[in-house]
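See below for the structure under consideration.
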Amino acid sequence: MYLGLDCGTSGLKALLVDEAGAPVAGATRAYSPDRPRPGWSEQDPEVWRAAMAGAIADLDARAPKAIGAVKAIGFSGQMHGAVVLDRSDRAVRPAILHNDGRAHEEAAELAREFPDLARVVGVKPMPGFTGPKLLWLARHEPERRAQIASVLAPKDYLRLALTGERATDMSDAAGSWLLDEAARAWSAEAIAACGAEAAWAPPLLEGAAAAGTIRAPAAVELGLPKGAIVAAGGGDAAVGAVGLGAIAPGEAFISLGTACQLIVATDRYLSAPDRLVHSFAHALPGRWYAMAAMLNGAGALAFAGRLIGASPETLEHEASEGYAGPGALLFLPYLSGERTPLDDPYARGVLFGLSETTSRADVARAVMEGVALTLAEARDCLSAAGAAPVKAGLIGGGAKSALWTRMVAAATGFTILRMKGGETGAAFGAARLARMAATGEPAEAVCAPAEILDAMQPDAALAGAFATQRRRFTALYGALKAEFRR
């Protein structure tokens, strides 16, 4: 058995996969980031550790024999989180997450002072990346900065708890704004620019490399076999691709989770920071990917549900009844600011066009449409960078929705493929990396393409309606951009 663990923004997923590559049992433990101030998003890393223990305990209750046969463990995780540890591997402060905007001034300064670094580290500096956050810490929390001995990504903290070894992989390092993407090595210039120290950067491994074995105390605590191999793992975007088998150049997928990404695999480093495209090292050696990253995805519908007092599932069901395309109501989904294509940490969510006849279903439709429209903008950014797919797999919680799938196809013009196991793609990919670490098999032998459940072709009439709505969508943001900064 191989165990995949995915440390996401809103929960930790655990998945057991057998030697034939079939999922055996899964479990999820939910949590929510803390938001101590507007625009901030952070988490005590111990929350993830407790969620990992809880999810593994759930698996043990459901499939005890399978847990006892685990040969290797792999990780996936939310990218860009700054987990800063002291010499005793204790967190100096809560981790600053990918959707945190506090370092916007530092990011703008890095862009001004080091304009050439973006082409080295794969993307222009933005507040969510680790590097700008470290510069923020140096200026705003110098006493905490003085305690830092290492900087890890969220999933690396969990692997440290199992193995006692500090390390990261290429794909998570790629999202730190500290990696020379083409060389797949730390950039001394970027580290210095961000006010960091070279000693903080952990050893770099490829995603399917063995990062150690589980220590006896951790094995006993979690009920896992002693000595099980622990793979380096990777960032959720790259590991999601591994789970889908979308690893050949030109293959693309959309991850519609709390946040949202459109990702195209490449066999070379493709730099396009001027279009807000993230050009990152993959979790597999000799591979890279181009990504448009949006901070607001299916989490926007969950947000609407909290305000209205309904579950996202209920809202999606109501929105699906008699859906005829975009209407008067318009939603900007920028609840946490936005990366691609705006690079605007000040942007916020807007519901525009309310009337006395507006229904709950109308609100749900507008929210879902707003997310689909951001994917149309993402498509244009990747096309300008030379990565232009015609079809894309769809994974993440949003993939459960046939309506959202239809909207995304219409907005982007892509044929959208819903894949078997898409909701656990990153955890499944982590289990595949674990298998490769244990067996030494090549990626092509392990990463078979996922089974396609259905294919949604763009509806021509609906595509025209989305094109019209996109003009309104873009104009609304343009009209409000200056107001967001007041």
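In table form, for the structure just shown:
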read-out: Debye intensity ratio in log₁₀ form over the Cα atoms of the chain, taken at each q of 0.05, 0.09, 0.10 Å⁻¹; value: -0.16, -0.55, -0.69
read-out: Ellipticity estimate at 222 nm from DSSP helix runs (n ≥ 4, -39,500 (n - 2.57)) divided over the chain, nearest 500; value: -11500 deg cm²/dmol
read-out: Environment charge of L462, counting only residues whose C-beta is closer than 14 Å and scoring Lys/Arg +1, Asp/Glu -1; value: +1
read-out: Å² of accessible area per residue within the chain, as computed with a 1.4 Å probe and no ligands counted; value: 36 Å²
read-out: Rounded Å value of the spacing that divides the Cα centres of segment 25-53 and segment 399-442; value: 23 Å
read-out: Cross-link reach list, lysines versus K133, counting only Cα pairs under 19 Å and skipping chain neighbours closer than eight places; value: K124, K155
read-out: Selection from A108, A118, I73, by position along the positive dipole direction of segment 71-141 (Cβ); value: I73
read-out: Sequence-distant residues sharing a close amide H with A209 (under 5 Å, placed H); value: A232, G233
read-out: Residue-level accessible surface for D343, protein heavy atoms, 1.4 Å, Å²; value: 40 Å²
read-out: T357 accessible area, assembled protein chains, probe 1.4 Å, Å²; value: 120 Å²
read-out: Backbone HN-Hα couplings from phi across segment 477-484 [Karplus 6.51/-1.76/1.60, Hz, Gly and Pro as x]; value: 4, x, 5, 9, 3, 5, 5, 4
read-out: Packing rank of 4-17, 143-156, 185-198, where each peptide gets the mean count of other beta carbons within 10 Å, highest leading; value: 4-17, 143-156, 185-198
read-out: Segment 306-390: relative contact order in percent, alpha carbon pairs under 8 Å with at least 6 residues between; value: 32 percent
read-out: Accessible surface of segment 200-267 [probe 1.4 Å, protein heavy atoms]: carbon and sulfur percent; value: 58 percent
read-out: Computed P(r) (all Cα pairs; segment 42-122; 5 Å bins; percent); value: 3, 11, 13, 16, 15, 13, 12, 6, 5, 4, 2, 0
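The values are calculated or read from the model by the stated rules, or taken from the named source; none is laboratory data. None of these values were measured; they are calculated from a predicted model. Quick reminder, even Gly has a Cβ in these numbers, built from the backbone with ideal geometry, and neighbours come from all protein chains shown. These accessible areas exclude ligands, DNA and RNA; they are computed on the full protein's heavy atoms, side chains included. Shrake-Rupley method; radii C 1.70, N 1.55, O 1.52, S 1.80 Å.
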